[in-house]
Amino acid sequence: MVSEKSKLQSEERRERITQELPTEEFETSQKRKIVRLSVNTLPYLYNSIYVVLGDDGVFLVDLGYMTDFNKFLNKFSQEITQRYGVKVEDIKALFITHAHIDHFGGINLIRNVNPNIEVYVHEVDSKAVERFEEVFIYARHYLKIFLARAGLDEEGIKTYVSMYTASKEFLRSAKITRALHDGDKLYGFEVIHTPGHSPGHMCLIFDDVIFTGDHILPYITPHQFPESIMKYTGVGHYIESLDKVREVVLKRKISLGLPAHYSIIEDVVKRIDEIKEHHRNRIRAILDMCKEPLTIVEITERMFPDKKGYQFILALDEVGAHVEYLWDRGFLGIKNIDDFLKDDDVPARWVSVRNYYPKI
Ligand SMILES: [Zn+2]
Ligand SMILES: [Zn+2]
């Protein structure tokens, strides 16, 4: 058993998502180099951007929105140009793991410096990059329905929807070169479609390394979003995608995971098992709680008593995605279904209807 004291020490040792990491070079089994640049994307958020020095050219994995893009250009010139003789103008292509702003928001900025850069995104996330405004406005409607059924009042819904939009309003859409699909191979990269955290999330294999984006992260479990708001998200897809990567990693003898936040994942399979265990426990906790009928807001308040403001919305998404998973599979029922005959957007009171847990 891990003592409280040693748990605390490893907590302190771990790098933080709000912290700049040192630049680090990795070498693949084929002796190709990958360099991690840690950049400040949103306030209190650092992303790991990877520069891949391949046989067919130089590539980037992810380039999120940055408040200070010049800082990135300076860093690139000091850490990459001086050491490897490669300029931003020389980058052949940018692979976007998924269409979240901290991963794709830098496309237009880099095009100002390198107009010829090719940009690749998975097909199912491509419209969120190319038609960002449209996708966001469209999804907002389903978000409102989700929040009403979760048990928020009208005032709460208004506040939360505006919080959601606040961080996204300054971002503009960007053109991509071509959409990618599961199994595609391009410039030495191989695409593994891993929907869940986002609809078109992709992990990329390069030699014996896998870029895991936000699908698999060390220390934290990636944010879950209900599929009722956005297709191809949800816990069901997410867990299937974990199993998919687990199999690929074992079969292909992948030796290193490079995530989009934090440092490295030395044992990807072990990390996948830990994340699955986390969801298994969360699902069991919800089923135990729902022995008495509860709304999603009530479950969230019990499960995350300290979360406030934007953190509470994220927690609400998380619980909502798990409740949806359990409802889809027949483990939860709606106690007050008769209320829905009168009004579609009343809070649903979820109740456990089986005496065993789902297999995850
Ligand atoms: Zn993400
Ligand atoms: Zn991210």
Seminar exercise, completed: Beyond 26 Å, the calculated P(r) of the range 115-236 holds a percent of Cα-Cα pairs equal to 30
Exercise. What does the charge add up to near E318, with Lys and Arg as +1, Asp and Glu as -1, over the other residues with Cβ less than 12 Å from its Cβ?
Worked result: 0
Problem set entry | For the chain, share of DSSP beta bridges that run antiparallel, in % to the nearest 5 | 70
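So what's Rg/Rh here for the chain, counting alpha carbon atoms and using the Kirkwood radius for Rh?
0.98
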Exercise. If you put +1 on each Lys and Arg Cβ and -1 on each Asp and Glu Cβ, how big is the dipole of the range 143-243 around its Cα centre, in Debye rounded to 20?
Worked result: 500
Exercise. Lysine pairs in the range 77-202 8 or more apart or on different chains: how many have alpha carbons under 27 angstrom apart?
Worked result: 14
Exercise. Lys/Arg Cβ at +1, Asp/Glu Cβ at -1, dipole of the chain taken about the Cα centre: which of P222, T165, Y232 is farthest positive-ward?
Worked result: P222
Problem set entry | the chain, helix-only ellipticity at 222 nm - DSSP H runs n ≥ 4, -39,500 (n - 2.57), divided by all residues, nearest 500 | -12000 deg cm²/dmol
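Only sites in a loop by DSSP and with at most 16 other Cβ atoms within 10 Å count here; which trypsin sites (Lys or Arg not before Pro) in the range 30-82 make the cut?
K31, R32
Label the range 17-130 by shape, choosing from rounded, prolate and oblate, from the square roots a ≥ b ≥ c of the eigenvalues of the Cα gyration tensor; if a/c is under 1.5 it is rounded, and otherwise prolate applies when a/b is larger than b/c, oblate when it is not.
Rounded, because the longest to shortest axis ratio a/c is under 1.5.
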Problem set entry | Taking all pairs of distinct alpha-carbon atoms in the range 210-346, Kirkwood radius in angstrom | 16.4
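Since every read-out is calculated from the coordinates, none of them should be taken as a lab result. All of these numbers come straight from a predicted model, not from anything done at the bench. Reconstructed Cβ throughout: ideal geometry from the backbone, glycine too, with neighbour counts over all protein chains shown.
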